[in-house]
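Enquirer: Below: one structure in structure tokens.
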Amino acid sequence: MKDKKPTSISIVIPVYNEEKTLPILIDAVKKSNTFGLKKEIVVIDDRSSDGTLEVLKKIKGIVFYTHEKNAGKGASLRTGFAKATGDIILVQDADLEYTPEDFPRILEPFFKYDADAVIGTRFRGDGARRVIYFTHEIANHALTFYSNLLTNLNLTDMECGYKAFKKEIIDQITPKLVSNRFGIEPELIARLAQIKGIILYEVGISYHGRTYEEGKKIGIMDGLKAIYEITKFNLFS
């Protein structure tokens, strides 16, 4: 899938009730090193119930879209993918668990190895990683193992929020995406694995996980649903 070198990047940011972290995150994205790529910052507000929308209206240098009703991270990403125009599309969560300082790590394989997509991993590399829930890590390893069995990929962190794609790749899979919530993570991996000849890379990133008291949203039910979603997207769609 050789193509011309990218000249622009769209950073797609799904947002739900992140009025406190959003200004900090956007500032970091603006200052981030993207190897000279022209930046487009696309924010999707998933009908936040706090002051997120008012914050967005005050931030310059971004484009944002608002859902009429809360639909979930997957729905927000589908909206963002459809609106993004960059040669590379990079997903950035708004909760500061992932830092834009890692953008160069994520982008390097596109330039050095002509990657079609790059997946982050919190379990390899020398990036700082906050010590937090052991049960979450075990669940993540189990879900990644199950996903790898069905995709025949050797990822170490299928659920990682940092994922980046060439635009032609995301344009190819976006019409097939149906997940509304956190099932978007295993669905994206399944869709990528279905593309013959895809060049996929994994890079180590930093991770500053939040506790539930600090606003973490994913829970045990999402983990159980992921088992169903991994099965569904790899075997039945």
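Enquirer: Quick one: net charge around residue 158, please, counting Lys, Arg +1 and Asp, Glu -1 for every other residue with C-beta under 12 Å from its C-beta.
Expert: -4
Enquirer: With a point put 7 Å past each Cα toward its Cβ, work out how far residue 237 is from residue 49 in nm, to one decimal.
Expert: The answer from the label model is 2.7 nm.
Enquirer: Return the subset of 4/73; 30/163; 57/163; 5/163 for which the Cα-Cα distance in this structure is over 22 Å, preserving the input order.
Expert: Working: 4/73 31 Å; 30/163 18 Å; 57/163 27 Å; 5/163 19 Å.
From the list (4/73; 30/163; 57/163; 5/163), the Cα-Cα distance tops 22 Å for 4/73; 57/163.
Enquirer: Another question about this same structure. For residue 33 and residue 168, FRET efficiency with R0 = 22 Å and r from the beta-carbon atoms, rounded to 0.05?
Expert: On the way: r = 24 Å, r/R0 = 1.10.
Once rounded, the FRET efficiency stands at 0.35.
Enquirer: Could you give the length gained on full extension between residue 141 and residue 5, defined as 0.36 nm per residue of separation minus the Cα-Cα distance, in nm?
Expert: Details: separation 136, 0.36 × 136 = 48.96 nm, distance 3.41 nm.
Here the segment from residue 141 to residue 5 would lengthen by 45.6 nm.
Enquirer: How large is the charge dipole for segment 109-161, taken about the Cα centre, if only the Cβ atoms of Lys, Arg (+1) and Asp, Glu (-1) carry charge, to the nearest 20 debye?
Expert: Values: 5 positive and 6 negative charges, 38 e Å.
Result for segment 109-161 is approximately 180 debye, rounded to the nearest 20.
Enquirer: Just to check I understand the Karplus step: with θ = phi - 60° and J = 6.51 cos²θ - 1.76 cosθ + 1.60, what whole-Hz values come out for segment 8-20, glycine and proline as x?
Expert: Values per residue, Gly and Pro as x: 9, 9, 10, 9, 9, 10, x, 9, 8, 6, 10, 4, 7 Hz.
Enquirer: Next up: Beyond a 25 Å Cα-Cα separation, which of these cross-linked pairs lie in this structure: 112/167; 166/225; 60/83? Before the final figure, lay out each step's value.
Expert: Working: 112/167 17 Å; 166/225 28 Å; 60/83 18 Å.
The answer is 166/225.
Enquirer: Then there's this: Within the chain, what percent of beta bridges assigned by DSSP are antiparallel, to the nearest 5? Mind showing how you got there, number by number?
Expert: Working: 6 of 28 bridges.
If we restrict to bridges inside the chain, about 20 percent are antiparallel.
Enquirer: With each pseudo-label sitting 7 Å past Cα toward Cβ, what's the residue 221-residue 154 distance in nm, one decimal?
Expert: In this crude label model, residue 221 to residue 154 measures out at 3.8 nm.
Enquirer: Okay, moving on. Expressed as a whole number of Å, what is the distance separating the alpha-carbon centroids of segment 6-53 and segment 131-162?
Expert: Comparing the Cα centres of segment 131-162 and segment 6-53, I get a distance of 25 Å.
Enquirer: Summarise the accessible area of the chain (1.4 Å probe, protein heavy atoms) by the percent that is carbon and sulfur. Walk me through the intermediate numbers first.
Expert: Details: 6310 of 11340 Å².
Here it works out to 56 percent.
Enquirer: Tell me, which longest segment in the chain has none of the trypsin sites (Lys or Arg not before Pro) that fall in DSSP loops with at most 12 further Cβ atoms within 10 Å? Before the final figure, lay out each step's value.
Expert: Working: sites that count: 2, 4, 60, 69, 130, 196.
That would be 131-195.
Enquirer: Expected output is a single nm value to one decimal: the length gained when fully extending between residue 69 and residue 128, i.e. 0.36 nm times separation in residues minus the C-alpha distance. What is it? Numbers along the way, then the final one.
Expert: Numbers: separation 59, 0.36 × 59 = 21.24 nm, distance 3.61 nm.
Additional length available on full extension: 17.6 nm.
Enquirer: If you put +1 on each Lys and Arg Cβ and -1 on each Asp and Glu Cβ, how big is the dipole of segment 145-206 around its Cα centre, in Debye rounded to 20? Each step should come with its number before you reach the end.
Expert: Values: 7 positive and 7 negative charges, 44 e Å.
Its charge dipole is roughly 200 debye.
Enquirer: Looking at segment 76-125, which chymotrypsin sites (Phe, Trp or Tyr not before Pro) are DSSP coil and have at most 13 other C-beta atoms within 10 Å of their C-beta?
Expert: 113
The values are calculated or read from the model by the stated rules, or taken from the named source; none is laboratory data. Quantities reported herein were computed from a predicted structural model and do not represent experimental measurements. A quick note on method: Cβ atoms are made from the backbone with ideal geometry, for glycine too, and the neighbour counts reach across all protein chains shown. Please note that ligands, DNA and RNA were not included when accessible areas were found on the heavy atoms of the full protein model with its side chains. Shrake-Rupley method; radii C 1.70, N 1.55, O 1.52, S 1.80 Å.
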